[in-house]
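Where a number appears in this text, it was derived from the coordinates with a stated rule and is not lab data. The shown structure was predicted, so the numbers you read here are calculated from the model rather than taken from an experiment. Because the Cβ atoms are built from the backbone with ideal geometry, glycine has one as well, and the counts that use them run over all protein chains shown.
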Amino acid sequence: MRWRHPAFAGLLALTPIAAATGEADVSVRDAWVREGPPGAAMMAGYMVLQNKTSRPQVLVAASSSSFGNVMIHRTIAKEGMTGMEHAPQIELLPKASLLFAPGGYHLMLLNPKRTLHAGDRVDITLEFRGGLVLAVAYEVRK
């Protein structure tokens, strides 16, 4: 006897898609925020982004309920001067990692909603082109 229930057939149709997306991963490790002085209006977040997929992944936005605004920045040097510039998106190459560190790419965390101390944790959401969203817990460090 064959069992043909429409809901069950739909579930079977979705199974290969779920398995394929489960294998394709973008992950974050060593996520941290530098502790700022009391009353600081800006802080910085760092991490290592890892693309375990065989295609590029593009980071397009970041947000956090702990800050008024989160922007993706990079430190640049021009004519002997160092400054920051907004990076509207960052392409993460296939099977590659990208370091967000002091003096390079970082998350600019504006207007913290509370004073953060070493040992605290803040959640930051990373959004990628194509709909991938990662919620990451960042540790506050000195």
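Within straight-line reach of Lys113, meaning a Cα separation under 23 Å, sit the following lysines at least 8 residues removed in sequence or on another chain: Lys142.
The order of the peptides 98-105, 85-92 by mean Cβ neighbours within 10 Å, most packed first, is 98-105, 85-92. Label separation (Lys95 vs Lys78): 3.6 nm, computed from points 7 Å beyond Cα along the C-beta direction.
Per-residue 3J(HN,Hα) values for the range 83-97, derived from phi via the Karplus relation 6.51 cos²θ - 1.76 cosθ + 1.60 with θ = phi - 60°, read x, 10, 9, 5, 10, x, 7, 10, 8, 9, 5, x, 6, 10, 10 Hz in sequence order (x marks Gly and Pro).
Here each label is just a point 7 Å from Cα along the line to Cβ, and for Ser54 and Val26 those points are 1.9 nm apart. Backbone geometry of the range 48-55 corresponds, through the Karplus equation with coefficients 6.51, -1.76 and 1.60 at θ = phi - 60°, to 3J(HN,Hα) couplings of 10, 8, 10, 10, 8, 8, 9, 9 Hz, x marking Gly and Pro. Here the range 61-113 yields Rg over Rh of 1.02, to two decimals, using C-alpha coordinates and the Kirkwood radius. Bridging of Lys52 to lysines at a Cα separation below 28 Å is possible for Lys95, once same-chain residues fewer than 8 apart are set aside.
Magnitude of the charge dipole for the range 25-141, about its Cα centre and with charges confined to Cβ atoms of Lys, Arg (+1) and Asp, Glu (-1), is about 120 debye.
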